[in-house]
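Read through the structure below, which is laid out as structure tokens, and then see the notes.
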Amino acid sequence: MRFDVITIFPRFFDTPLDTGLLYKAREVGLITVACHDLRTWTHDRHRTVDDAPFGGGAGMVMRPEPWFEALDELAGPGSGAHVVLLAPDGARFDQRAAARLATRQRLVLCCGRYEGVDERVRTRVDEVISLGDFVLAGGETAALAVIEAVARLVPGVLGNAESATDESFSTASEGDGGLGLLEYPQYTRPASYRGLDVPEVLRSGDHGAVARWRRAQSVERTRRLRPDLLATADATDQERDRLAEGPRA
Ligand code: J9Q
């Protein structure tokens, strides 16, 4: 899978792309990430990418010409590229969106600045994505999150043979097997630390009991912390009834 990133800060991506999962996925050739300086597609001596807004007001707006020329080159007809703009008014990014994007051969990620991009650029964009309702200086941080979330779903990137884009992996966090619930609590050694003990069931050796405890923890934690997830979570009818009851006495 190939990612092309269009940004005024191409070096922003250097360390993250050279670290951890993204480094490994690039090294083995499962993904390619090319970061392009938007100023490449300017023609004036100062490589200007922004200008004052028509109608007045504070801040600057990114000019359309460099974006159109960049997209002519990177996402022209027949390129097969899917063009994404990262912007605060986009559709909320989630695991389902990551799985959908992971089915593409080529993604072009356009990093705008907070003040905005000339509206006409959107005529060349397939979808607009936001990480959530908070303010970033620009789309770079959001693009990086999208790259990491999508890359780890590319078959072979995870250290196992599973197809990461299978339906069971596309709906959720995977701690519950990808069924849309929050993860259960995890512990490692020591079994007792500063008076805090690991739950006995996890040390019992009873694999069935461990699985039931983890499932119950996932369900209860989701009810308490993220009840909104339960609408789409793959809970059983019995678990739904249990969840509707609220906290146990
Ligand atoms: C480009 N705030 O914020 C959250 N997701 C994306 C963004 C964003 C922003 C400003 C510019 C993206």
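Assorted remarks:
- Hull volume in cubic angstrom per residue (convex hull over the Cα atoms of the chain): 202
- Along the chain, counting only trypsin sites (Lys or Arg not before Pro) with a DSSP assignment other than H, G, I, E or B and at most 11 other Cβ atoms inside a 10 Å radius, the longest segment between sites is 46-193.
- The listed residues PHE9, PHE68 rank as PHE9, PHE68 when sorted by accessible area, largest first, using a 1.4 Å probe.
- Tensor-based shape of the range 3-56 (alpha-carbon gyration tensor, a/c under 1.5 rounded, otherwise prolate or oblate): prolate
- Degrees separating the helix 207-225 axis from the principal Cα axis of the chain, which is the longest one: 50
- Length gained on full extension, LEU30 to ASP44: 1.3 nm, using 0.36 nm per residue less the C-alpha separation.
- In plain terms, the chain from THR141 to ASP206 could stretch by 19.0 nm, reckoned as 0.36 nm per residue minus the Cα-Cα distance.
- Residues in the chain average 58 Å² of solvent-accessible surface per residue, probe 1.4 Å, ligands and nucleic acids excluded.
- Accessible surface comparison of SER218, SER192, probe 1.4 Å, protein chains only, largest first: the order is SER192, SER218.
- Inter-probe distance in nm under a simple model that places probes 7 Å from Cα toward Cβ, at SER79 and THR15: 3.0
- Where CYS35, CYS110 fall by accessible area, highest first, once all protein chains stay in place (1.4 Å): CYS35, CYS110
- Along the range 181-198 the Karplus relation, 6.51 cos²θ - 1.76 cosθ + 1.60 evaluated at θ = phi - 60°, assigns HN-Hα couplings of 9, 5, 6, 7, x, 10, 9, 9, 5, x, 5, 9, 9, 6, x, 9, 9, 5 Hz to successive residues, with x for each Gly and Pro.
- Potential lengthening between ALA91 and GLU183 on full extension [0.36 nm per residue; Cα-Cα distance subtracted]: 30.6 nm
- Heavy-atom surface analysis with a 1.4 Å probe gives the chain a carbon and sulfur content of 51 percent of its accessible area.
- Computed helical MRE - 222 nm, the chain, DSSP H runs ≥ 4 contributing -39500 (n - 2.57), nearest 500: -8500 deg cm²/dmol
The values are calculated or read from the model by the stated rules, or taken from the named source; none is laboratory data. All of these numbers come straight from a predicted model, not from anything done at the bench. Heads up, the Cβs are rebuilt from the backbone with ideal geometry, glycines too, and the neighbour counts pull from every protein chain shown. For accessibility, only protein heavy atoms count, side chains too; no ligands or nucleic acids. Shrake-Rupley method; radii C 1.70, N 1.55, O 1.52, S 1.80 Å.
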